[in-house]
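The values are calculated or read from the model by the stated rules, or taken from the named source; none is laboratory data. Predicted, not measured: the structure shown is a model, and the values here were computed from it. Heads up, the Cβs are rebuilt from the backbone with ideal geometry, glycines too, and the neighbour counts pull from every protein chain shown.
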Amino acid sequence: MKSESERAGSNEECFRLYLEGNDKAFEKLVDVYEDELLRFINSIINDYHESEHLMIEAFAKLAEHGGRFAGKSSLKTYLFAIGKNLAFTYVKKRRREHHISYEECLNTLPCLIKTVFHISCIVRY
């Protein structure tokens, strides 16, 4: 069984092969990292569906800007930094929008009505 450093080395070799034109090597990297990257992104944004989109975007950025990888860290660290940055950007954007879906409004409305009714009963008596 290979050690963590041996696996990391072979993954970085796959990435080098991808940069040289071997698309199958990139597919192997996706197979190796996709589940863990998805869980990592989801732990930040807590939205599985959006996490899938951001995971795909992270791999796309790695493929598109792969020449920027200088090898100062492991490929996994580099990929997860891309995923983290995408997740943080998503959270900031979501926070700015203060978006509440129609379904969330419908779900909270009965609780809000009960609370207002309860408060009005207390105030009357």
On the basis of being assigned to a helix (DSSP H, G or I) and more than 19 Å from residue 16 (Cα to Cα), does residue 82 make the cut? no
May I ask you to say which residue of 84, 72, 93, 61 is more than 9 Å from the chain's Cα centre (by Cα), surrounded by 11 or more Cβ atoms within 10 Å (Cβ to Cβ) and modelled with pLDDT of 65 or more? 61
Need pairs with beta-carbon distance below 7 Å; first residue in a helix (DSSP H, G or I) and within region 45-74, second polar (S, T, N, Q) and surrounded by 14 or more Cβ atoms within 10 Å (Cβ to Cβ); sequence gap 6+ or separate chains. 45/51; 48/42; 51/42
